[in-house]
Structure formats: C-alpha cells, structure tokens
Amino acid sequence: MNSVRNFLSVYDLTAGEMYDILSRAALLKADRTLGGGYLKGKKIGLIFEKSSTRTRVSFEVGVAELGGHPIFMSPRDMQLGRGEPIKDTARVLSRYIDGAVIRTFEQARIEEFAVYFKKPVINGLTDLYHPAQILADIFTVYEAKSKMRNSTKKAADAALRDAGDIIKNLKIAYFGDANNMANSWISLQAVMGFELVLAMPDGFKADEWVASESRKRGGRFAVSHDKIGAAKDADVITTDVFISMGQEDNKEKIDKLKPFIIDDGVIGSAKKDVIFLHCLPVHRNEEVTEAVFERFSPYVFEEAENRLHVQKAIMEMLF
Ligand code: CP
C-alpha cells in the first residue's frame, strides 16, 4: 500500500491540518529565513504540462528557501511530451527525486502519477482542482479579516482560533464558470464550513461530481443566477478568468458569462469591508472591471505573494 501523503485535492488534508498550515504560513511570511533546513538535500521535481507564472516560481523559490533543490521539467524537453506514459515517467523520477509538484490536465493523470511515484505529490493545478491556490486564498482572507500580523507561534495560534470562527462566519461569493477554482471553493467549503454562493448565468451549474463529493462531507453551497443578489452582504467576492486555458474559442460561453462581470454594482451589494480576490492572471473588463480590480489590487497581489508562504508550509508538512 502507498501510505505517502499527497495533496491532490483539499480533501487530502483535515481542517486541523489546514489551520496548522495557515498558522505556519503566517510565521514563514513574517520570517523568510524560517524553515531554511527543512528540505535540506531534497530534490523536488516541478512538472508543468501547462503555462504558469505564479505556481512555478512560488514553488521553485519555496523549495530553494527551504533548503531543497527544485528541478523544473516541461514536457517540451521530456519524453513525456513525446508520448512516454505518465506511469513510466513517475517510476523513473521516483528513483531520482524526493517529491513532485505537477500541473496537468485531467485529475486522473496526477492520481496515476502519484500511484506510481510513491513519494509525495502536490497538485499545482488540474482541470478539476487548484488546491494550493485555494489555501493561499483562504489565508489571504483570514489575514485580511483578522488583521493578523503575528510573528510568534503562540500569537499566531491564538489569532487562528479567532480566524477559525471568522472563516466559518464568512459569506464568500464566487463569480464565473464551474471551473477548477469554483470546484476548489466548493471543496474548501465542505471542510471549513463558510457560506458559499456561486454566481453564474442561467443554465450554468456546479460540476455534479464535485457537488456530490461536497455533499458526502456535509458541504453546502448555493448557486445564484442573480449577480447582485449573490453578492449581497458578502465578505469576499472572488473570480477567475471566465474562460479557462484551452477554451478560448468558446464564444457562446464567453457571451453568456459577460453580464456576470464584477463591477461597482456587485461590490456595492457586498459588505462595506468586502475584499475582492483573483488568482491571476486577470482579464481586465471581462471577469472584473479595471476600476474594481485596481481598487482591490493590494489584496490580489498579497494573495499572489501568499502562494509562496502557504506552499512552503504545505511542503514542510508533506515533503
Ligand atoms: N494562479 C495561478 O495558478 O497562476 P499561474 O497560472 O501563473 O501559475
């Protein structure tokens, strides 16, 4: 049996472990040198079958800051890109490296890799989930809402007990398609228990398998086709590009999503201290107006930075 811990979806961690990660991330953010020996001597493979700026660089820098050695691999340069099976790639790499971060297409592909690799694997985005991103997002929310800036573990733990309560009482409204970010919010809700509304056009709905996995764990979320109503009294408004990588030609979908742009009307319907998050890259004036994006950009770029701190905490736990 393969007893190695992976992070292929949010469900691979308990709520307690997630709060431990948030707590540790706060400390790692306060002191970039902390954890410097954690990955000493470890080689971590970063296998990216899709483009990336934030995920690639934050993991690469994170491995280096923890004292490990990151090895970036693109299918353009590997036999994987010429059809070598993922299970053979996994069995070869497991003899060289100590852990892997993978960005790929189907969730089944990363799961197959993990079965044959037999060492920890972290999901750096699949078509189904983006779990490292969603932990950075909730960390950003918790930081903003609790105004937490603690540099000792004791203070961070104390603030986290409040943050758990804060997070449970939040209303988060996600705008856009039922893509990997929507799926990640749904799965995080099932574990952390905040109020979640998905705002999407008539005829759009959550992925049925993702919804059933959430229900099995006691998760609850609403779908609204009324964009102002969905945002009412929200603490967090968030979105992703409306059209995911590889779907750029789907004009019908683009046209249907257009009215769901996050604008002043949406923000005005939310709570006064609402924050807006976007995992980036942003398509200005498609999923969010330029004015709203720029107004909330300090939170958005904090969210991007938090990828690094949260992922370092995840790697300390798994690698
Ligand atoms: N948010 C995110 O995953 O960004 P990249 O595609 O640049 O990695």
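The values are calculated or read from the model by the stated rules, or taken from the named source; none is laboratory data. Just so you know, these numbers come straight off a predicted model, no measurement behind them. A quick note on method: Cβ atoms are made from the backbone with ideal geometry, for glycine too, and the neighbour counts reach across all protein chains shown. Accessible surface areas use protein heavy atoms only, side chains included; no ligands, DNA or RNA. Shrake-Rupley method; radii C 1.70, N 1.55, O 1.52, S 1.80 Å.
The calculated FRET efficiency for V4 paired with D249, based on their beta-carbon distance and R0 = 45 Å, is about 0.70.
With a 1.4 Å probe and all protein chains left in place, how much accessible area per residue does the chain have, in Å²?
Values: 13770 Å² over 319 residues.
Value for the chain: 43 Å² per residue.
The simple spin-label model puts a point 7 Å past each Cα toward its Cβ; for L280 and E106 those points are separated by 3.3 nm.
Hey, what number do you get for the chain at 222 nm if only DSSP H runs of n ≥ 4 count, each worth -39500 (n - 2.57), divided across all residues, to the nearest 500?
Computed mean residue ellipticity for the chain: -14000 deg cm²/dmol.
Carbon and sulfur: what percent of the chain's accessible surface (1.4 Å probe)? Accessible surface attributable to carbon and sulfur in the chain totals 51 percent.
Angle of helix 54-65 to the longest C-alpha principal axis of the chain, folded into 0 to 90 degrees and rounded to 10: 50°. Computed on the chain, with alpha-carbon pairs under 8 angstrom and 6+ residues apart, the relative contact order is 20 percent. Report the far tail of the P(r) of the range 54-97, meaning the percent of Cα-Cα pairs longer than 14 Å. Distances greater than 14 Å cover 59 percent of the Cα pairs. Working from Cα positions, state the angle (0 to 90°, nearest 10) between the long axis of helix 107-117 and the longest principal axis of the chain. Between the helix axis and the principal axis of the chain, the angle is about 20 degrees. Of the whole protein surface, R32 contributes about 110 Å² of accessible area at a 1.4 Å probe radius. So how far apart, in nm, are the two label points at E17 and E294 if each is 7 Å from Cα heading toward Cβ? Taking the simple label geometry, E17 and E294 are separated by 4.3 nm.
With N residues in the chain, what two-decimal value do you get for its Cα radius of gyration over 2.2 N^0.38 Å?
Ratio of Rg to 2.2 N^0.38 Å for the chain: 0.97.
When each of the peptides 226-232, 121-127 is scored by the mean number of other C-beta atoms lying within 10 Å of its residues, the order from highest to lowest reads 121-127, 226-232. Highest mean packing first, where packing is the average number of other Cβ atoms within 10 Å per residue, the peptides 180-186, 305-311, 240-246, 49-55 line up as 180-186, 305-311, 240-246, 49-55.
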